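These notes concern the structure reproduced below.
The values are calculated or read from the model by the stated rules, or taken from the named source; none is laboratory data. All figures in this text were calculated on a predicted structure; none of them were measured in a lab. Cβ placement follows ideal geometry from the backbone for every residue including glycine, while neighbour counts extend to all protein chains displayed. What goes into the accessible areas is simple: the full protein's heavy atoms, side chains included, and nothing from ligands, DNA or RNA. Shrake-Rupley method; radii C 1.70, N 1.55, O 1.52, S 1.80 Å.
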Protein chains: 2
Amino acid sequence: MTPPDAFARLDAQVAFLLEADRLKQVLRATPLADGSRRENSGEHSWHLALHALVLADQAGPDVSIDRVIRMLILHDLVEIDVGDVPIHCANGQAHGSEATRAAETAAADRIFGLLPPEIGRDLRALWEEFEAAATPDSIFAKALDRVQPVLLNHAAGGGSWADYNVTLDQVESRVGVKVARGAPALWAHVRARIAPFFG
Amino acid sequence: MTPPDAFARLDAQVAFLLEADRLKQVLRATPLADGSRRENSGEHSWHLALHALVLADQAGPDVSIDRVIRMLILHDLVEIDVGDVPIHCANGQAHGSEATRAAETAAADRIFGLLPPEIGRDLRALWEEFEAAATPDSIFAKALDRVQPVLLNHAAGGGSWADYNVTLDQVESRVGVKVARGAPALWAHVRARIAPFFG
């Protein structure tokens, strides 16, 4: 028999996992590669983890790909409460605003707070490291989070670039700089790939 | 400047990642927890990776959670060509059949074959380890792959159990045995949780 406190602990773990299921219903600005519909933040998080596995050779020698993958699995959970704030909306001003950050902190309190305390603490620390983007692991994780929508927009023939009238200079300043910080050769490659789209 | 062979290598990595995007359009038999629609295999893979992070304490001491997460990220890629074969369809006989296995092997040849050879080899080896379910890591990964649909079906009020007229004994024999093999206390907990549904 499982002792009662182990049962309560598993109840909390399962409650968190069922709450996390809602991330599959948060829609992003970016379309799928074939343009058929918008991507959701659950499948986006999976795709990013796959990017980390496949593009591991683009990371510096001090990056732990396994920690990067853990961060990417968690990085969007706060969107269950806050929604996705597209990089290019509000002329690039809404993403990372003070108001957005405060709402995301409250969401992290609630969502990671569903877990048994020591698990919640560990996962929240990873999320905060990702948000701060000041360690090699989080800088590489951010680079992947920024480059994946570029690849999807390009594959889909414009995607959120068309929706928000984005220029190549804006892609460079809002996105490219952060990709290049964590994965410079990857950004050089992707920039060359997308430049013809902007004419 | 990136040398030409590095460019060709990145082209292959990006081609694989864009092909993998199609997993977001493979529908599973299981609904989301709120029953609003069927789950796709991309977001399912993310949810499983999150299960591994949150339920790590259910794994035996010889399990590497990071390898489990890597397996779970990859485990359904072959469904891009083969589709999802629900556990409970065809009275439980289609899943794992010879025909399904042969189709999945051909899919693995094609999909992992898009990658630079040494990356493709490494990822395919992880997928084969998952499929064989003979190591501590893959046995735990399989346990999570089997328990997550149980939690979603239960949360959604029946899901694919209702669609396929599944009994608790069938859940036990088709699913529970494999969950219990990798995570016995988890299965005891989940079984107690779902038993009342079957009356």
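Here the protein assembly as shown is assigned +1 on the Cβ of each Lys and Arg and -1 on the Cβ of each Asp and Glu. Its dipole about the Cα centre then comes out at about 320 debye. Mean separation of Cα pairs under 8 Å and 6 or more residues apart, divided by the residue count, gives chain B a relative contact order of 25 percent. Relative to the 2.2 N^0.38 Å rule of thumb, segment B:1-78 has a C-alpha radius of gyration ratio of 1.43.
Please compute the Kirkwood hydrodynamic radius of chain A from all pairs of different C-alpha atoms, in Å with one decimal.
About 17.7 Å for chain A.
Across the copies of the chain, A:R101 has label points (7 Å from Cα along Cα→Cβ) spaced 5.5 nm apart, shortest distance listed first.
Going from the chain on its own to the full set of protein chains, segment A:160-199 has these residues losing 20 Å² or more of accessible surface (heavy atoms, 1.4 Å probe, no ligands, DNA or RNA): A:A185, A:H189, A:R193. Taking every lysine pair in the protein assembly as shown that is 8 or more places apart or spans two chains, those with Cα atoms closer than 28 Å amount to 11. Pop out the carbon and sulfur fraction of the accessible area of chain A as a percent, whole number, probe 1.4 Å. About 55 percent, which is the carbon plus sulfur part of the accessible surface. Each Lys and Arg adds +1 at its Cβ and each Asp and Glu adds -1 at its Cβ; summed about the Cα centre, segment B:6-83 shows a dipole of about 100 debye.
Per-residue shielding of A:52-58, expressed as the average number of other chain Cβ atoms within 10 Å of the residue Cβ, stands at 6.
Give me the tail of P(r) for segment B:97-199 as a percent: Cα-Cα pairs with distance above 21 Å. It works out to 48 percent of all Cα pairs.
Averaged over its residues, segment A:131-199 has an accessible area of 39 Å² per residue, based on protein heavy atoms and a 1.4 Å probe.
Helical content of chain B, expressed as a calculated mean residue ellipticity at 222 nm, amounts to -19000 deg cm²/dmol (DSSP H runs of 4 or more residues, -39,500 (n - 2.57) each, divided by residue number, nearest 500).
Based on protein heavy atoms only, segment B:1-43 ends up with 42 Å² per residue of surface accessible to a 1.4 Å probe. With Cα atoms as the point set, segment A:35-124 shows a radius of gyration and Dmax of 14.9, 41 Å. The heavy atoms of B:R70 offer some 60 square angstrom of accessible surface to a 1.4 angstrom probe. For chain A, a crude dipole built from +1 on the beta carbon of Lys and Arg and -1 on the beta carbon of Asp and Glu, taken about the Cα centre, is about 500 debye to the nearest 20.
Over the protein assembly as shown, the Kirkwood radius and the radius of gyration, each from Cα atoms, give a ratio Rg/Rh of 0.96.
In summary, the helical segments of chain A meeting the span-like criteria, namely a full DSSP H run, a Cα extent along the axis of 27 angstrom or more and a mean Kyte-Doolittle hydropathy of at least -0.5, are A:136-155.
Shielding by partners for peptide A:117-128, expressed as the average number of C-beta atoms from other protein chains within 10 Å of each residue's C-beta, is 1. Accessible surface buried by the A/B pair amounts to about 4800 Å², both sides summed, 1.4 Å probe.
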